[in-house]
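Asker: Sharing a structure with you now.
The values are calculated or read from the model by the stated rules, or taken from the named source; none is laboratory data. Computed from a predicted structure; not experimentally measured. Because the Cβ atoms are built from the backbone with ideal geometry, glycine has one as well, and the counts that use them run over all protein chains shown. For accessibility, only protein heavy atoms count, side chains too; no ligands or nucleic acids. Shrake-Rupley method; radii C 1.70, N 1.55, O 1.52, S 1.80 Å.
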Amino acid sequence: MPESRPPARRPTGIAGLDRILEGGLLASGVYLVQGPPGAGKTILANQACFHHASIGGHAVYVTLLAESHSRMFGHLRRMTFFNEAAIPDHVYYIGGYSALASGGLEALVTLIRGAIQKHKATLLVVDGLISAQESSPTDQAFKKFLHEIQTLADLTECTVILLTNAERASGFFPEHTMVDGVLHLTDEVSELRPLRHIRVLKLRGSAPVRGLHSVRITDKGFEVRPRIETLSPQEPMREGVPRDDAKLGFGVAEIDAMLRGGFRQGAVTMLLGSSGSGKTLLGMQFLSEGIKRGETALYFGFYERPESILAKCQRVGIGGLNQGVEQGLAQLLWHRPVEGVIDELGESLIHTVRTLRPRRLFIDGMEGFERATDFPERLSHVYAAIAQELECLGVTTIYTTETRELFAQRIEVPIHGLSAATHNIILLRHIEHRASMLRVMVILKVRDDDYDGRMRELRITDHGIQLLDTFAAESRVASGGGVSNEMRLKDGEE
Amino acid sequence: MPTAPSILIVDDEFGLAEMLREMLREYGYDVSLAINGRLALDILKERPVDLVITDMMMPVMDGGELASEMRTSETHRGIPIVMMTSLPAAIPRQDPRFDAVLRKPFTPEHLLTTVRRCLDASPPANDSLPALNPRADALKVRDPDPSR
């Protein structure tokens, strides 16, 4: 029995899209890209053409009643993929509407066939398919046109991309049944934020990553971010991710003692606490200790800018961070907490971790991901995917999340789904104690390890972080209703 | 009465060629259209023209091929040719096949100046018209967008 070979594919050069499409479009495939005006159809198709040209291929771009070529070039010029030098030898633009208007679909097919042959095209784009459909005297004639395009693609091994507007009066969509794939683009606004998505409605001969995926149009062109939860995690023990049993501590003797040395490699730890409870400084202390030991460290934050955090750390004696940055041991990444796309943030984080290979990671403000989400119900899956990937990459992670209440007897993890993706939880909060507000720290959970669960006062001084036994003789401190054991005995509780 | 200079516009993009034709007709030129180089040569066989204005990329026969054919033809080699393009980098600076290059988008005045220069300053039949719109300098002639 002859060995079956996987079908040849032509990558679009849009990394995220190629991942969704299992590597790209089939060599003789006919694909429909549909979406409303402004969704990015033309950019996607042009980007595919210039990528095809960059690897030595030839592309022909036929416009019907679409944007004129000079107007299109005017828009494309700001995109980094646009390479004028590839025109006309590798990317060739022709107008097809005059032929369509004068000779109908038959003349259009002749024009397309001639262009493919003349320019040895292995990628063809027809922009404005709706004009062909509207020029068609009957539904049957339009189906015949699509069939001829299919035959042409087969004979010439040319990949065909047909662009059309998804919003049309006619309910007749023969192109959906007659093409090898349908990519649907959307462009919507959610809570004043523009949200673009791409969805594979159909893909013959492939197992695409289904569902909605984020799209952004930047000066790099059409960028697709596959849903982060569809990531295949790296192999945990693969080469390049050395494992050891050494624990990673904070470099604060009392805290490390409570943690029996620190966190295991790959562990994900939540610092849960109210505003001002010391979460960020504790996280930075964790990075600082790593840098002192010559380890690589990554800060990934949303709210305070890195320079402000570095200055604050310096003021309270958390040292070594500036030097770590200068020496290339540490990197600080800051993202604006608005207008983000959760998949883009997740990809940025994971890409940086894969590239920099930090031993320690501090994510300051997990809410930054929450704000960037398009669908809140995704959050728990996103966190699980990110946590799993970080664990597999061998990075030991601390992240902060803020409780809504400053003083409360009941404390909830504010983001649904976070706990499940977390190995260890440390609670930080303020309490009123003998007419003073104190910061306290308590370890709530350490997966598969022993720990000291006592409540301790966390004091931030000019010389760094200290942990004190302020509440050794008291109970119910965490709930804010601290009372001395002596008093409890008096009240007859025991 | 002298006959109006004749111009052949060769462009595959729907709308642009028609718009140029109307504009040049208003200035008194006799204008015909072709949607590719091959059809342009067919028209030239039937009746020679005074000037050809051609797009670069077209189906069947492009502007470069049309110019090459014309330059090797006994009957057409003397006809001035203007190349219209939005990608001037695609045309060598000193391409001897072309007498002028019009970069899109261009103003009506620039078009008219180029046409007159290539026709050796021959005035069009209707040159007495107060032809240019006073605002023409500011008005860029872009390819029309027929979908609007």
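Asker: Among all helices in chain A defined by DSSP H, which have a length of 18 Å or more along the axis from Cα atoms plus a Kyte-Doolittle mean of at least -1.0?
Answerer: Qualifying helices, which must be both long enough and hydrophobic enough, are A:41-54, A:97-119, A:139-156, A:279-292, A:342-356, A:379-392.
Asker: May I ask which of B:K45/B:K104; A:K202/B:K104; A:K120/B:K104; A:K220/A:K312 have a Cα-Cα span longer than 32 Å here?
Answerer: Long pairs (Cα-Cα over 32 Å): A:K202/B:K104; A:K220/A:K312.
Asker: Kindly state, to the nearest 0.05, the FRET efficiency for A:K118 paired with B:R103, given R0 = 30 Å and r defined as their beta-carbon distance.
Answerer: On the way: r = 25 Å, r/R0 = 0.85.
Using R0 = 30 Å, I get an efficiency of 0.75.
Asker: When you count, for each residue, the other Cβ atoms within 10 Å and take the mean per peptide, how do B:51-63, A:30-42, A:456-468 rank with the highest first?
Answerer: B:51-63, A:30-42, A:456-468
Asker: Here's a follow-up. Using a Förster radius of 51 Å, what is the FRET efficiency between A:K202 and B:E46 based on their Cβ-Cβ separation? Nearest 0.05, please.
Answerer: 0.55
Asker: While we're looking at this one, here's another question. How far is it, in nm, from the label point at A:A8 to the one at B:R77 when both lie 7 Å from their Cα along the line to the Cβ?
Answerer: Going from the A:A8 label point to the B:R77 one covers 4.4 nm.
Asker: With a sphere of radius 10 Å drawn around the Cβ of A:D127, what net charge do the other residues whose Cβ falls strictly inside it have (Lys, Arg +1; Asp, Glu -1)?
Answerer: Neighbourhood net charge equals 0.
Asker: Can you tally the net charge around B:D99? Count Lys and Arg as +1, Asp and Glu as -1, for every other residue whose Cβ sits under 13 Å from the Cβ of B:D99.
Answerer: +2
Asker: Rg to Rh for region B:6-56: what is it, with Cα atoms only and Rh by Kirkwood?
Answerer: 0.94
Asker: On to the next question. With Rg and the Kirkwood Rh both taken from Cα atoms, where does Rg over Rh land for region A:249-304?
Answerer: That ratio is 0.95, to two decimals.
Asker: Please compute the net charge surrounding A:G181, taking Lys and Arg as +1 and Asp and Glu as -1 over other residues with Cβ under 10 Å from its Cβ.
Answerer: So the surrounding residues net to +1.
Asker: Pop out the ³J(HN,Hα) list for region A:419-425 in order, Karplus 6.51 cos²θ - 1.76 cosθ + 1.60 with θ = phi - 60°, rounded to Hz; leave Gly and Pro as x.
Answerer: 4, 5, 9, 10, 8, 10, 10
Asker: With each pseudo-label sitting 7 Å past Cα toward Cβ, what's the A:H381-A:M437 distance in nm, one decimal?
Answerer: That separation, rounded to one decimal, is 4.1 nm.
Asker: Could you derive backbone 3J(HN,Hα) for region A:14-20 from the dihedral phi with the Karplus parameters 6.51, -1.76 and 1.60 (θ = phi - 60°), listing whole Hz in sequence and x where the residue is Gly or Pro?
Answerer: 9, 3, x, 5, 5, 5, 5
Asker: How much accessible surface area, in Å² rounded to 10, belongs to the heavy atoms of B:T72 with a 1.4 Å probe?
Answerer: The value for B:T72 is about 110 Å².
Asker: In whole Å, how far is the Cα centre of region A:177-220 from that of region B:23-77?
Answerer: Region A:177-220 and region B:23-77 have Cα centres separated by 44 Å.
Asker: Using 0.36 nm per residue of separation minus the Cα-Cα distance, give me the extension gain between A:K247 and A:Q323 in nm, one decimal.
Answerer: Gain on stretching A:K247 to A:Q323: 25.0 nm.
Asker: Could you work out the Kirkwood radius for chain A, taking every pair of different alpha carbons, averaging 1/r and inverting it, reported in Å?
Answerer: Evaluated on chain A, it is 26.0 Å.
Asker: Suppose R0 equals 56 Å. What FRET efficiency, 1/(1 + (r/R0)^6) with r the Cβ-Cβ distance, do A:R260 and A:R210 give to the nearest 0.05?
Answerer: According to the calculation, E is roughly 0.80.
Asker: Evaluate peptide A:87-96: per residue, the Cβ atoms of other protein chains within 10 Å of its Cβ; return the mean as an integer.
Answerer: 6
Asker: Would you mind telling me the antiparallel percentage of the DSSP bridges in chain A, rounded to 5?
Answerer: 45
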